[in-house]
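For reference, the structure discussed in these notes is given below.
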């Protein structure tokens, strides 16, 4: 086994091994050669080579999302590092562990006009859990071990991105047959799930409230234990709202929030306003529920999260600093079920909305909404479903998913950049059949995601191409703004067909109901190479079909 002769490289690889970190995403460069040699020559690591750093970072994000343990990114010095920033911000807000390792020039070569140099230290300081700035030289080995260990531990225990900046002087490619460093006493990462808060005053409020709303955002790493969910869902005074990305299923849960609340009249709104709002999970997608709860605030808003509590509804009253399973294990024995019609009233509303939903879908023209209904009903069992942002995730919110389908989306910052790369990284990590549904702008924006050698044969992409940013016709606002088509909707006539030829992806196309119906069995049936189905929908109809949908639900 070869090692880089650089002691900093040896130190980093040994510290990663000690923490079981094994997936390394490397982008090409010279300054990072000591790290590349250290990782790629060591059998403890699985290394992936991805040229485009932005794609590489989202690919790593997808892997870490699936494994819930850090994935390492390695890049050269200069602007290469800055291309990681979109994925780092997503990891920061989505609590996904990433370890960014950037090679750097020695300090004396910064800001003197030398090539490929920028000020790399602390460059992500607003969106990073910890920045670790190493110092080259034998005298600093112990110092470097302490700060690198701290950063790795933060990524693991606090679940988020960290940055380790590593200066290397030339020569960069020298190797050694043996290690020349020895770790000092190393403090490993230690998760602490201890929760000792006195919950008696909160249980008293809970037991005196007949309108309790539980709202769950993005949720997939630590699923709430079924007995707890079942206990809550059987309490008549508790209404549970989830989203597609909550990945929780129960007959007494309402999982299409906008479908339920968009047609509310004043009586429904007054009936809905909770006394206690209990939230956990990541970002909430529905803008309508945010607006409704901000205007009709609960008396109490409690949030459960081991790290942070965002005051999304401008009425946060308490933060329980633990995970949901630990919290409910201690809290639920203190509670009693109450007689109330709070849950049943809105479950009946939900059932009525679902009947109208099915009736409307049966009669609509070929459009985005129709396509989503066909796609979701055609998904194979036990797949991972990755969704891009903008209209894709919003349409998905209107449908029921089988319980064995796990749904993922980059909702930390809700950007369209990197969705395809994330999906591919997740597919590589999970090894399950992965289906990725995306809009045309998001897909084209991240087309370099296809430029790698790791796309699994059981990876399927569905591009819903409505010729631009269809989301902007759905969102409130004046559509007669000058140059709306050109600068906001960004209309185009591009297709994914030639990208598929370039990257050896089997291409399918559908432009009508019949073509879509005929394509789906073939598209989902074959596993001998990655497939892409491009569905062209009429941009001039999509927004009106959706507006009429919500009107029909009333």
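The values are calculated or read from the model by the stated rules, or taken from the named source; none is laboratory data. Because the structure is predicted, anything quoted here is derived from the model rather than measured. Virtual Cβ from ideal backbone geometry, glycine too; neighbours counted across all protein chains shown.
Assorted remarks:
- For segment 496-554, residues that are assigned to a loop (DSSP other than H, G, I, E, B), more than 21 Å from residue 395 (Cα to Cα) and either free of Cβ contacts under 8 Å to residues at least 40 places away in the same chain or out of contact with any strand residue (DSSP E or B) (no Cβ under 6 Å at 6 or more places or on another chain) (or both) total 5.
- Candidates in segment 247-263 are the residues that are more than 26 Å from residue 554 (Cβ to Cβ) and crowded, with 18+ Cβ neighbours inside 10 Å; of these, the one that is nearest to the chain's Cα centre (by Cα) is 247.
- On the stretch given as segment 361-387, residues that are surrounded by fewer than 15 Cβ atoms within 10 Å (Cβ to Cβ) and without any contact (Cβ under 8 Å) to a residue 60 or more places away in the chain total 5.
- Of all residues in segment 149-187, those satisfying the criterion of being touching a helix residue (DSSP H, G or I) at 6+ places or on another chain (Cβ under 7 Å) and more than 23 Å from residue 31 (Cβ to Cβ) are 149, 160, 183, 184, 186, 187.
- Subset of segment 1-21 (residues that are assigned to a loop (DSSP other than H, G, I, E, B) and over 12 Å from residue 179 (Cβ atoms)): 19, 20, 21
- Flag for residue 73 being more than 23 Å from residue 424 (Cβ to Cβ), modelled with pLDDT of 95 or more and buried (at least 22 other Cβ atoms within 10 Å of the Cβ): no
- When segment 76-96 is filtered for residues that are closer than 15 Å to residue 124 by Cα and not in a helix (DSSP H, G or I), only 77 remains.
- Residue in segment 105-134 that is surrounded by the most Cβ atoms within 10 Å (Cβ to Cβ), counting only those that are part of a loop (DSSP other than H, G, I, E, B) and touching a residue at least 60 places away in the same chain (Cβ under 8 Å): 134
- Single residue of segment 22-58 satisfying the filter (surrounded by 22 or more Cβ atoms within 10 Å (Cβ to Cβ) and part of a loop (DSSP other than H, G, I, E, B)) that is farthest from the chain's Cα centre (by Cα): 31
- The single condition among (1) under 20 Å from residue 156 (Cβ atoms); (2) in contact with a strand residue (DSSP E or B) (Cβ under 8 Å, 6 or more places away or on another chain) that residue 76 does not meet is (1).
Residue by residue, here is whether (1) part of a loop (DSSP other than H, G, I, E, B); (2) under 21 Å from the mean Cα position of the chain (by Cα) holds:
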| site | (1), (2) |
| --- | --- |
| 277 | no, no |
| 283 | yes, yes |
| 297 | yes, no |
| 307 | yes, yes |
| 311 | yes, yes |
| 314 | yes, no |
| 330 | no, no |
